[in-house]
Amino acid sequence: MTEAVAMRPTDAAALIADMGTRARAAAARLAGTPTADKARALVEAAKAIRTQGEAILAANAGDVARAQANGLSAAMIDRLTLNPARLEGMAAGLEAVAGLPDPVGETIDETRRPNGLILQRVRVPLGVIGIIYESRPNVTADAGALSLMSGNACILRGGSEASASNRAIHAALLDGVRAAGLPDDAIQLVPVTDRAAVGAMLTAQGLIDIIVPRGGKSLVARVQDEARVPVLAHLDGIVHLYIDGAADPAKALPLAVNAKMRRTGVCGATETILIDRAYAAPQPILAALIEAGCEVRGDGAIQALDARVKPASDNDWDCEYLDSIVSVAMVDGIEAAMAHIARHSSHHTDAIVTEDQAKADRFLSAVDSAIVMHNASTQFADGGEFGLGAEIGISTGRMHARGPVALEGLTTYKWLVRGSGQLRP
């Protein structure tokens, strides 16, 4: 099927129903597929990505050119762009997932009841996962790999801005799937970019078991508003870095610059820096950020430290910039910092820089976010950096999975009960 400019809702529903039916059949087969076969599919897919690298990069160059012509922001262009290093990272990521322990069939716990019944909780795949994402073509590889290795079939719906890149990467994934003798329908890519297909996925009860959105606030909000199947998502990445009065300046300055500027378009990028009024060297941090090309927006106390700081509005404290912009506020100690975070955090990632272990422990235990850090860049908020191989997303919810969601997060469990003829009185 070729890409459509517009689809009738009935056409979209029929398309997703067909894909979902085929995905369920593939999922039933994958649930019992040996670990070695799943791993082989990913290793072969990694080889295909390397072999087809020039074609993938050419497709991506076309996507980037169209995105630039359409006026996409620099941060979005960065998310979209592939280069040889990122392509190699994608292939290496597939191999890393292939080498991870397979969660399927793992016994979570086992108990023996007084009547002799033996009860086990054992991990099983979720079934069919729908992933809806924007801009980042690497999600095609990551999501496909994690879904397959955890025994799930997936239906991928990428954004129109990365359509050529996604098709090229998907073709390489299918080469790996076929080489391992697994069904093509294990990893499907929605062949149209029409928004009606998204709506059809969100209401595909009985065909899709869970939806994972990866993208901007408007996409995630739509998914959460319209979905009739469970959703695993985070809406915003309003990430804070608190520099305590007991912070070591030799750590605080590079951490602030890295947390904000390493890659501004990722969800773990710091968006607000809070500086304790007792911290000895706040101005060099502002200067280093500005000299690195970051626009700093601050409260009155911060503006007084550097004339180049722009005034922060009330909205800045609730903004995920995903750009070279940061809001900075002066606070009176750790309790004030945590109060600010409680008001404005999206419960994604928040960090403290301090040499006072008691304060660090207080922050780590009291801040209610999926990821809480001490003396580390918030840019480490990433499944690969957590040793998970890759991630399908970072969940800020409290149900099922929280933080980077990788293989284990894509499983559920069932109870196995073994008896010897017990009757319930």
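Quick notes on this one:
- Restricting attention to region 393-415, the residues that are at negative phi and touching a Lys or Arg at 6+ places or on another chain (Cβ under 8 Å) add up to 8.
- The set of residues in region 62-77 being under 24 Å from the mean Cα position of the chain (by Cα) and either surrounded by 15 or more Cβ atoms within 10 Å (Cβ to Cβ) or at pLDDT 95 or above (or both) consists of D63, V64, A67, L72, A75, M76, I77.
- Residue count for region 349-368, restricted to those that are surrounded by 23 or more Cβ atoms within 10 Å (Cβ to Cβ) and in contact with a Gly (Cβ under 9 Å, 6 or more places away or on another chain): 2
- Subset of region 338-393 (residues that are within 16 Å of A252 (Cβ to Cβ), in contact with a Leu (Cβ under 9 Å, 6 or more places away or on another chain) and of a type in the set (D, E)): D350
- For N115, the test of being surrounded by 14 or more Cβ atoms within 10 Å (Cβ to Cβ) and over 27 Å from L407 (Cα atoms) is failed.
- Residue in region 282-292 that is touching a strand residue (DSSP E or B) at 6+ places or on another chain (Cβ under 6 Å), crowded, with 17+ Cβ neighbours inside 10 Å and part of a loop (DSSP other than H, G, I, E, B) present: no
- Condition check for L148: outside any loop (DSSP other than H, G, I, E, B) and over 23 Å from the mean Cα position of the chain (by Cα): no
- Of the residues M373, M330, M338, the single one that is within 17 Å of T270 (Cβ to Cβ), assigned to a helix (DSSP H, G or I), of a type in the set (A, V, I, L, M, F, W, C) and modelled with pLDDT of 95 or more is M338.
- Some residue of region 38-57 being in contact (Cβ under 8 Å) with a residue 60 or more places away in the chain, over 24 Å from G387 (Cβ atoms) and part of a loop (DSSP other than H, G, I, E, B): yes
- Identity of the residue in region 293-348, surrounded by 21 or more Cβ atoms within 10 Å (Cβ to Cβ) and of a type in the set (S, T, N, Q), that ends up nearest to the chain's Cα centre (by Cα): S346
- Criterion (assigned to a strand (DSSP E or B) and either crowded, with 21+ Cβ neighbours inside 10 Å or not basic (K, R) (or both)) met by exactly one of L388, L416: L416
- Only one of the numbered conditions (1) over 30 Å from R263 (Cα atoms); (2) out of contact with any Lys or Arg (no Cβ under 6 Å at 6 or more places or on another chain) is not met by A98, and that is (1).
- Answer from L202, L274, L219 - the residue that is touching a Leu at 6+ places or on another chain (Cβ under 9 Å) and in contact (Cβ under 8 Å) with a residue 12 or more places away in the chain: L274
- Enumeration of residues in region 24-37 that are part of a helix (DSSP H, G or I), of a type in the set (G, A, S) and surrounded by fewer than 17 Cβ atoms within 10 Å (Cβ to Cβ): A25, A28, A36
- Residue match in region 68-90 (condition: out of contact with any His (no Cβ under 8 Å at 6 or more places or on another chain), part of a strand (DSSP E or B) and in contact (Cβ under 8 Å) with a residue 60 or more places away in the chain): no
- Residue selection: V128 fails the criterion of being of a type in the set (A, V, I, L, M, F, W, C), surrounded by fewer than 20 Cβ atoms within 10 Å (Cβ to Cβ) and either outside the structural domain of L207 (by TED's automatic domain parsing) or under 26 Å from Y413 (Cβ atoms) (or both).
- Test set (1) of a type in the set (V, I, T); (2) part of a strand (DSSP E or B); (3) surrounded by 20 or more Cβ atoms within 10 Å (Cβ to Cβ); (4) at pLDDT 95 or above - I394 fails condition number: (4)
- Of the residues making up region 223-273, those that are in the same structural domain as L407 (by TED's automatic domain parsing), more than 17 Å from the chain's Cα centre (by Cα) and in a helix (DSSP H, G or I) are D225, E226.
The values are calculated or read from the model by the stated rules, or taken from the named source; none is laboratory data. Just so it is clear, the structure is predicted and the values come from calculations on it, not from any experiment. A quick note on method: Cβ atoms are made from the backbone with ideal geometry, for glycine too, and the neighbour counts reach across all protein chains shown.
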